[in-house]
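Asks: Pasting a structure here, questions to come.
The values are calculated or read from the model by the stated rules, or taken from the named source; none is laboratory data. Every value quoted in this text rests on a predicted model; they were computed, and no experiment measured them. Note that each Cβ is placed from the backbone with ideal geometry, even for glycine, and that neighbours are counted across all protein chains shown.
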């Protein structure tokens with residue numbers, strides 16, 4: 001079996017992670033765009049490989065958190081994992097190409113940075129479309145529910161229906177501060193409009209926001225179709 005990469009020895013990891021931590025937090029060390037710096041940070045973390053397991057997930061979390069502390073994101077909602085997973089072969093090839101090239105690796109670094117920047121761009125565009133879709137869906141629900149509930153309508157009700165793809169009686173009780181009987185009545189009213197689908201699992205009723213679920217599913221299907229067309233062309 002061919003070994004493609006051997007991480008540093010355990011005794012070296014503390015020093016390497018210390019250097020990386022300083023590179024992340026001390027902007028005086030290098031004057032480059034935060035997105036380029038994020039790509040370098042990711043490569044260095046994956047090469048140090050400090051943990052027995054979970055380095056990929058941790059590295060992707062560091063990506064997003066670095067964009068937050070760099071004021072490029074208000075919230076950690078840029079899901080780069082999907083882009084990396086769908087381009088896994090290229091991802092590992094580019095990381096390894098930098099290691100193999102040694103000191104003369106300017107071209108490899110450029111390819112790696114452009115790869116990750118493309119991921120940021122595609123993920124950001126898709127996230128914006130998704131957020132806009134959720135906003136439009138929430139507005140639609142509000143316009144349907146307000147006349148039905150009248151004076152009993154609260155914005156907490158709408159937030160509850162979109163906090164997760166499903167809700168439960170206990171969630172409505174808590175968020176709207178109503179009795180269990182009232183919460184169950186409210187949810188059944190919404191089920192009657194077709195906005196929620198009631199499913200009983202064991203002794204618990206789950207109220208599924210099917211439109212929200214479909215929004216995520218359709219998003220995945222659209223992206224898959226685009227990727228299929230690109231692979232053919």
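Asks: Within region 185-214, take every residue that is in a helix (DSSP H, G or I) and crowded, with 17+ Cβ neighbours inside 10 Å and give me the one that is farthest from the chain's Cα centre (by Cα). Let's see the steps before the verdict.
Replies: First, pick out the residues of region 185-214 that are in a helix (DSSP H, G or I): 185-193, 210-214.
If we keep only those that are crowded, with 17+ Cβ neighbours inside 10 Å too, we end up with 186-187, 190, 211-212.
Numbers: 186: 32, 187: 29, 190: 29, 211: 20, 212: 16 Å.
The residue in question is 186.
Asks: Residue check: is residue 118 closer than 30 Å to residue 41 by Cα and either in a loop (DSSP other than H, G, I, E, B) or modelled with pLDDT of 95 or more (or both)?
Replies: So residue 118 fits the description; yes.
Asks: Can you name every residue in region 94-130 that is under 19 Å from residue 73 (Cβ atoms) and touching a residue at least 40 places away in the same chain (Cβ under 8 Å)?
Replies: Within region 94-130, 113, 116, 117, 120, 123, 124, 126, 127, 129, 130 meet the criteria.
Asks: Please indicate, with yes or no, whether at least one residue in region 170-193 is within 30 Å of residue 73 (Cα to Cα) and at pLDDT 95 or above.
Replies: yes
Asks: Could you list, in sequence order, all residues of region 114-137 that are surrounded by 16 or more Cβ atoms within 10 Å (Cβ to Cβ) and over 30 Å from residue 90 (Cβ atoms)?
Replies: Passing the criteria: only 137.
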